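Encoded as structure tokens, the structure appears first; notes follow it.
The values are calculated or read from the model by the stated rules, or taken from the named source; none is laboratory data. A quick note: this is a predicted structure, and the numbers were derived from the prediction, not measured. Neighbour counts are summed over all protein chains in view; Cβ atoms, including those assigned to glycine, are modelled from backbone coordinates with ideal geometry.
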Amino acid sequence: MIQEGQTPKAARTRSPDLVLADIYKAFGGVRAVDGASLESFPGEVHGLVGENGAGKSTLIKIVSGAFPADAGEITLHGEPLQPHSPADAAKSGIGTVFQELSLIPHLSVAQNLFYGNEPRVRLGRVNQRALRAAARQALADYGFPRIRPGGVVSQLRLADRQILEIVKVLIRDPHVLILDEPTSALLPEQVQWLFTTVRDFASKGRIVIFISHRLAEIEALCDRVTVLRNGKDVGHGPMAEMPEDKLVELMLGRKIERVFPQSDRASRVQDEVVCRLEDFGSPPRLHDVNLEIRRGEIVGVGGLAGQGQADLFLSMFGARRSHGSAVVAGRQMHARTPSQALASGVALIPEDRASEGLCLALSVRDNISLGNLRTVSSGSLISARRERRLVRAAIGSLHITLRHPRQEVNSLSGGNQQKVLLGRVLAAKPDLLLMYDATRGVDVGTKSELYQLMHEQCARGVGILFYSTDAAELANMADQVVVLHDGTIRARLAGADLTEERIIAAAVGGRGRAEALA
């Protein structure tokens, strides 16, 4: 949970240090940024919020040299800033942690940290010993000595990859630090580390631009905030004058009465058990899990990170070896591969949509149809008519914002990418839907749509297993919550016991506390 804290504020100058004025950027005739402006002062943490597709990431990519602006002006220290590449922006003092990680998976931690700035010896060869030593020192300085410099990045868990991305930028000592959804993959203690690091960075008279869909983070960390909607800045001001309800209204252009949908559990949840796990496990971390999920029921999974949640979801989806009994839709499931799990009626929304769920370089159409080739095929060939029907249905039902079905997925906002993944998965009409932190990195409006979608799937008789790092999501969306600790269920919460406070208490408490709640 976020602890309230006031960001140290350096004395502001009479004029802002970083100014973005009337920035425009269009892609294929669609304006992603439509005259947006932003001003930030030395010593300040400036929040940037808006729905997915509001233009936030495009705006910071322009500042960071990834895209050229079509029009507008950027100044830093009163001088024009026109970076032609991220490397050019870095030379000007702009350091950016992008939403999609830029690490090179097959290289080591040390190679990624100092890529392009490696210590060298004669003939330009990299000094491997000095490289590892520098990486070891940098990781120790920022509080992560357990991350091995020689470890391959692809083998790191997502949270550690995110930490590595942040440290890679910090060691270059920028004047402006831009963080685009940096906490979405972090563990709670790592979020607190980041907040402390950001406050210390800003206290030295430098600037932080902080983007997050978690408005509680914006409120806790930022001095001022700017709101984007449809590529325009529609509001800005001191954080004290921008309460959460006002931010949401500015982001959406309307009042939102309820983020979590109302639901009558008695009419939604059926008697039929769609999934039963008995003594289910996946060595060495997951063991002795006994669980029932009924048709129309949402079963939440809580607990501190790393307690076996990922093992549970991946083993149920056939991506990891498992033992014990798993019965889905009345049939014993022996899924040793994801394709076998899909054939048994089990579908997964994975933790990292970019590397585990989507082919970012392919189109929306291809991504949706790839997981449903049997549906769109006629004999050995794909039926264009069936494919169009499937893709249009997914785009329409999920309200995916795009220019054309042939648009590449990597050009979509994070929320729309998640909808593409959902569209592909739901087109398979699963009996059991596994959702692993599915709302990570999406805005409040898209979250509300996803919550409603979950209830619609439940109304069709789908059972949902739903893991979230947000206790509020679990308390408001789940019919019951199981809390994992050390690879097994330590608490089961339902009815009046299903509250944020009890979910957190069961997660952080010892065996005695968890058993008392069970």
* Residues in segment 314-329: is at least one part of a loop (DSSP other than H, G, I, E, B), buried (at least 23 other Cβ atoms within 10 Å of the Cβ) and in the same structural domain as Gly53 (by TED's automatic domain parsing)? -> no
* To do: Looking for whichever is over 22 Å from the mean Cα position of the chain (by Cα) and β-branched (Val, Ile, Thr) here; the options are Val442, Val409, Val482. Which one fits?
  => Val482
* Structure fact -> Inside segment 295-328, the number of residues satisfying the requirement of being among the β-branched types (Val, Ile, Thr) and closer than 14 Å to Glu351 by Cα is 1
* Somewhere in segment 45-56, is a residue of a type in the set (Asp, Glu) and not in a helix (DSSP H, G or I)? -> yes
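Conditions tested, residue by residue: (1) outside the structural domain of Glu181 (by TED's automatic domain parsing); (2) buried (at least 20 other Cβ atoms within 10 Å of the Cβ); (3) at pLDDT below 95; (4) among the charged types (D, E, K, R).
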| residue | (1), (2), (3), (4) |
| --- | --- |
| Arg12 | yes, no, yes, yes |
| Tyr24 | yes, no, no, no |
| Val30 | yes, no, yes, no |
| Gly53 | no, yes, yes, no |
| Val63 | no, yes, no, no |
| Ala87 | no, no, yes, no |
* Residues within segment 103-136 that are hydroxyl-bearing (Ser, Thr, Tyr) and exposed (fewer than 14 other Cβ atoms within 10 Å of the Cβ), tallied -> 1
* Asked: Mind checking which residues of segment 292-313 are crowded, with 24+ Cβ neighbours inside 10 Å, at positive phi and either in a strand (DSSP E or B) or in contact with a Lys or Arg (Cβ under 6 Å, 6 or more places away or on another chain) (or both)?
  -> Gly296
* Which of the residues belonging to segment 209-222 are touching a Ser or Thr at 6+ places or on another chain (Cβ under 8 Å), part of a helix (DSSP H, G or I) and within 15 Å of Met251 (Cα to Cα)? -> Ile218
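Residue by residue, here is whether (1) more than 20 Å from Arg353 (Cβ to Cβ); (2) hydroxyl-bearing (Ser, Thr, Tyr) holds:
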position	(1), (2)
Gly415	no, no
Lys419	no, no
Ala438	no, no
Glu456	yes, no
Tyr467	no, yes
Ala491	yes, no
Gly495	yes, no
Glu501	yes, no
* Asked: Considering only segment 426-439, how many residues are more than 18 Å from the chain's Cα centre (by Cα) and either surrounded by 23 or more Cβ atoms within 10 Å (Cβ to Cβ) or not charged (D, E, K, R) (or both)?
  -> 6
* Mind listing whichever residues of segment 170-183 are crowded, with 22+ Cβ neighbours inside 10 Å, touching a Gly at 6+ places or on another chain (Cβ under 7 Å) and not in a strand (DSSP E or B)? => Glu181
* Structure fact -> Within segment 246-283, residues touching a residue at least 60 places away in the same chain (Cβ under 8 Å) and of a type in the set (S, T, N, Q) come out as Ser263, Gln270
* To do: Determine which member of the set Val198, Val225 is surrounded by 17 or more Cβ atoms within 10 Å (Cβ to Cβ) and in a helix (DSSP H, G or I).
  => Val198
* Matching residues in segment 330-341 - criterion: being assigned to a helix (DSSP H, G or I), free of Cβ contacts under 8 Å to residues at least 24 places away in the same chain and closer than 17 Å to Leu465 by Cα -> Pro338
* Residue, nearest to Glu189 (Cα to Cα), within segment 108-158, restricted to residues that are assigned to a helix (DSSP H, G or I) and of a type in the set (D, E, K, R) -> Asp141
* **Test: residue in segment 232-245 that is in contact (Cβ under 8 Å) with a residue 60 or more places away in the chain, closer than 22 Å to Ser64 by Cα, of a type outside the set (Ser, Thr, Tyr) and assigned to a helix (DSSP H, G or I)** => no
